[in-house]
Amino acid sequence: MTDNHQVPFGSGMFQGQAKFVDYAHMNQQEVQVNTLDEPVMDTLLRDINMILYKLSYVIIPRMKETQGRKLRNCKRLDQIKIGDLWGPLLLSLLLAMTLGINSNQSSDTIFGTIFIIMWGGSAVITVNAKLLGGQVSFFQSVCVLGYCVFPINVAAVLITFLQSYLGFFLRLIIVGAAFLWSTFSSLSFMSSMMNEEKKVISVYPIFLFYMFLSWFCIFI
Amino acid sequence: MEFFQEEEEEHPEQKGCCAFLTVQYYQPYFNVSEDDVIDRIKASFLPFRKDFHERVAGNPDLWGPLWISATIIFLITAVANINQMNFEGQTTYSVDYVPQSAALLYCISFGTPVILTIVMKILGSDIRFFHTVCLYGYSMSILMPITILCVLRNSYVQWCLVGYGMISSSSFLIMGMRKILGDLEQAKRYIIVGIVLAMQFSLYLLYKLVFFKVIEKNSTE
């Protein structure tokens with residue numbers, strides 16, 4: 001019993017308190033204590049692996065709903081069933097920075113706009129789906145919508161680096177492809193959560209959301 | 001007091017002063033399918049027919065106002081930036097259109113019903129708030145084809161489109177409120193009609209002047 005009570009801040013009084021907490025919340029404390037002691041690199045690598053694993057589902061959109069469920073119920077190591085928000089955060093920051101760097105005018109406006117559209121948009125779409133009778137969990141849905149921005153990110157980075165070589169129509173094609181990819185990825189996860197009869201009006205906001213984000217990429 | 005009683009009848013399970021802050025409060029207003037929405041949008045293009053009111057009668061929805069305005073924000077951003085492109089395809093990208101159009105559209109489509117409801121309650125009329133919100137939301141739908149057509153960079157064409165939009169949406173709104181207006185006295189009717197027309201006029205004027213300044217070929221930008 002005492003081996004598990006490895007508290008990093010070791011004053012006697014603190015340890016006494018930690019012991020008390022451990023009795024009450026044994027399982028959670030075990031998990032936390034295990035990860036508190038490991039090197040930072042391990043934690044980072046584990047989180048990065050988790051993000052990459054989920055991204056692999058985005059890259060290859062699977063239209064079968066059973067496979068789509070795997071992403072939402074992803075249980076790896078000590079993960080809990082809630083969707084994580086690290087991936088969407090990183091992706092949104094990357095997108096906002098990529099679009100902001102290349103703009104002629106103030107990059108803060110673009111950064112702020114993209115950030116708000118992405119997070120506010122995900123929240124509103126999830127509430128919309130809930131109100132229409134879908135069986136969505138708020139954070140899972142925000143997580144999925146965030147991860148599926150990845151193809152648009154790829155398009156934005158591509159356009160940034162190859163700016164001088166790409167004419168307007170080529171950009172349109174790249175962005176169009178990214179938009180379709182994003183939409184199909186997210187549909188494969190989201191459609192199982194939506195209400196059957198109201199699918200079109202649940203899905204249309206997602207379509208609008210990705211269209212909005214993709215449109216910014218054309219004009220960098 | 002009547003306002004609260006009326007709303008409580010519609011939402012018997014929600015009690016208390018802050019019920020409108022919960023998500024469940026708005027559940028009854030999303031009972032539409034895609035066919036309903038498309039029918040309502042089509043009906044809003046024809047202001048002098050009674051289709052819209054028959055369809056909406058007992059079932060005002062909030063999906064329409066919310067997402068029609070969102071679509072229009074996207075279209076304004078897209079089209080206004082296309083208009084800004086000079087002829088070599090280079091553009092000074094303006095992302096300010098997003099917050100500006102969002103503020104304009106959502107203030108008009110949600111703010112005006114609030115003002116109208118307050119004024120109507122003071123004047124003693126029986127108005128249902130969500131019905132008015134629904135009406136206003138769908139009246140915006142004429143802006144969708146107008147915005148797409150504003151890709152044409154001709155000043156006269158744009159002003160004609162804007163003028164048509166204003167006349168169409170104003171008549172749609174006034175026809176929609178005809179029954180409520182009929183219960184009021186003559187003088188009070190003019191107040192309400194005046195408010196409606198003033199808001200529509202300012203919406204369309206701002207829409208044209210802020211988002212669609214026409215750039216001449218010879219000017220430098």
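Suppose each label sits 7 Å from its Cα in the direction of the beta carbon; what would the B:ILE195-B:ALA57 distance come out to in nanometres?
Placing both labels 7 Å along Cα→Cβ, they lie 2.7 nm apart.
Would you calculate, for chain B, the mean residue ellipticity at 222 nm contributed by helices, counting each DSSP H stretch of 4 or more residues as -39,500 (n - 2.57) and dividing by all residues, to the nearest 500?
Details: 11 runs with 141 residues, N = 221.
Using -39500 (n - 2.57) per qualifying helix, the result is -20000 deg cm²/dmol.
Taking 56 Å as R0, compute the FRET efficiency from the Cβ-Cβ separation of B:ARG178 and A:PHE115 and round it to 0.05. Write down the numbers at each step before the final one.
On the way: r = 44 Å, r/R0 = 0.79.
Working from the Cβ atoms, E equals 0.80.
Using 0.36 nm per residue, how much length does the chain from A:LEU172 to A:MET41 gain when fully extended, once their Cα-Cα distance is taken away? All intermediate terms of the calculation are to be shown ahead of the outcome.
Details: separation 131, 0.36 × 131 = 47.16 nm, distance 4.01 nm.
Extra length from A:LEU172 to A:MET41 when fully extended: 43.2 nm.
Hey, rough spin-label estimate for A:LEU162 and B:ASN31, points 7 angstrom out along Cα→Cβ, what's it come to in nanometres?
5.2
What is the dipole size for the stretch A:84-219, taken about its Cα centre, with +1 at each Lys and Arg Cβ and -1 at each Asp and Glu Cβ, in debye to the nearest 20? Display every interim value, and only then the final one.
On the way: 4 positive and 4 negative charges, 29 e Å.
The calculation lands at about 140 debye.
I'd like the accessible area for B:TRP63, computed on protein heavy atoms only with a 1.4 Å probe and all protein chains in place. Round to 10 Å², please.
B:TRP63 exposes around 20 Å² with every protein chain in place.
So if the hydrodynamic radius of the stretch B:95-221 is defined as the Kirkwood radius over C-alpha pairs, what does Stokes-Einstein give as its diffusion coefficient at 37 °C and 0.692 mPa s, in µm² per second?
Details: Rh = 15.8 Å.
Calculated translational D: 208 µm²/s.
Efficiency by 1/(1 + (r/R0)^6): what FRET value for A:GLU196 and A:ALA123, r their Cβ-Cβ distance, R0 = 25 Å, to the nearest 0.05? Display every interim value, and only then the final one.
Details: r = 24 Å, r/R0 = 0.94.
About 0.60, to the nearest 0.05.
At 7 Å along Cα-to-Cβ for each site, give me the label-to-label distance between B:THR22 and B:TRP159 in nm.
Placing both labels 7 Å beyond Cα along the Cβ direction yields 5.4 nm.
List the residues of the stretch A:196-220 for which accessible area in the full set of protein chains is at least 40 Å² lower than for the chain on its own; 1.4 Å probe, protein heavy atoms only.
So the qualifying set is A:LYS198, A:ILE201, A:TYR204, A:LEU208, A:PHE212, A:TRP215, A:PHE216, A:PHE219.
Cβ neighbours within 10 Å, averaged per peptide: list A:204-214, A:169-179 in order, most packed at the top.
Highest to lowest by the protection proxy: A:204-214, A:169-179.
For the stretch B:33-218, with only Lys/Arg (+1) and Asp/Glu (-1) charged at the beta-carbon, what is the dipole magnitude about the Cα centre, in debye rounded to 20? Spell out each step's value before the answer.
Numbers: 15 positive and 13 negative charges, 94 e Å.
That gives a dipole near 460 debye.
Given the pairs A:LYS130/B:LYS213; B:LYS42/B:LYS213; A:LYS199/B:LYS121; A:LYS130/B:LYS188; B:LYS42/B:LYS208, which span a C-alpha to C-alpha distance of over 32 angstrom in this model?
As for pairs spanning more than 32 Å Cα to Cα, those are A:LYS130/B:LYS213; A:LYS199/B:LYS121; A:LYS130/B:LYS188.
Which chymotrypsin sites (Phe, Trp or Tyr not before Pro) in the stretch B:75-145 pass both tests, a DSSP loop state and at most 13 other beta-carbon atoms within 10 Å? Display every interim value, and only then the final one.
On the way: sites: B:PHE87, B:TYR93, B:TYR97, B:TYR106, B:PHE110, B:PHE129, B:PHE130, B:TYR136, B:TYR138; in loops: B:PHE87, B:TYR93.
For chymotrypsin sites (Phe, Trp or Tyr not before Pro) across the stretch B:75-145 that sit outside H, G, I, E and B with at most 13 neighbouring Cβ atoms in 10 Å, the list reads B:PHE87.
Just to verify a number: what accessible area does B:ASP35 come out at with the full protein assembly present, 1.4 Å probe, Å² rounded to tens?
Using a 1.4 Å probe on the heavy atoms, I get roughly 100 Å².
State the answer as a single residue: which of B:MET177, B:LEU152, B:CYS107 lies farthest towards the positive end of the charge dipole of the stretch B:33-218, with beta carbon charges of +1 for Lys and Arg and -1 for Asp and Glu, about the Cα centre.
After comparing all options, I get B:MET177.
Excluding the sites themselves, what is the longest stretch of chain B that contains no trypsin sites (Lys or Arg not before Pro) in a DSSP loop with at most 13 other C-beta atoms within 10 Å?
B:51-212
Under 20 Å from a point placed 7 Å out from the Cα of B:ASP96 along the Cα-to-Cβ direction: which residues of the stretch B:63-87 have their backbone N that close?
Counting only backbone N, you get B:73-86.
Taking a probe of 1.4 angstrom, what is the accessible area of A:VAL142 in Å², to the nearest 10?
10
Please pull out the direction-averaged projected area of the stretch A:127-220, using the convex hull of its alpha-carbon atoms, in nm² to one decimal place. Could you put the intermediate results ahead of the total?
On the way: hull surface 23.1 nm².
Convex hull of Cα atoms, orientation-averaged projection: 5.8 nm².
Which is farthest toward the positive dipole end of the stretch A:84-219 among A:VAL203, A:SER122, A:SER141, measuring Cα position about the Cα centre, with Cβ charges +1 (Lys, Arg) and -1 (Asp, Glu)?
Farthest along the dipole direction, towards plus: A:VAL203.
The values are calculated or read from the model by the stated rules, or taken from the named source; none is laboratory data. Remember, it's a predicted structure, so these values are computed and weren't measured experimentally. A quick note on method: Cβ atoms are made from the backbone with ideal geometry, for glycine too, and the neighbour counts reach across all protein chains shown. For the accessible areas, the whole protein counts, side chains as well, though only heavy atoms, and no ligand, DNA or RNA atoms are used. Shrake-Rupley method; radii C 1.70, N 1.55, O 1.52, S 1.80 Å.
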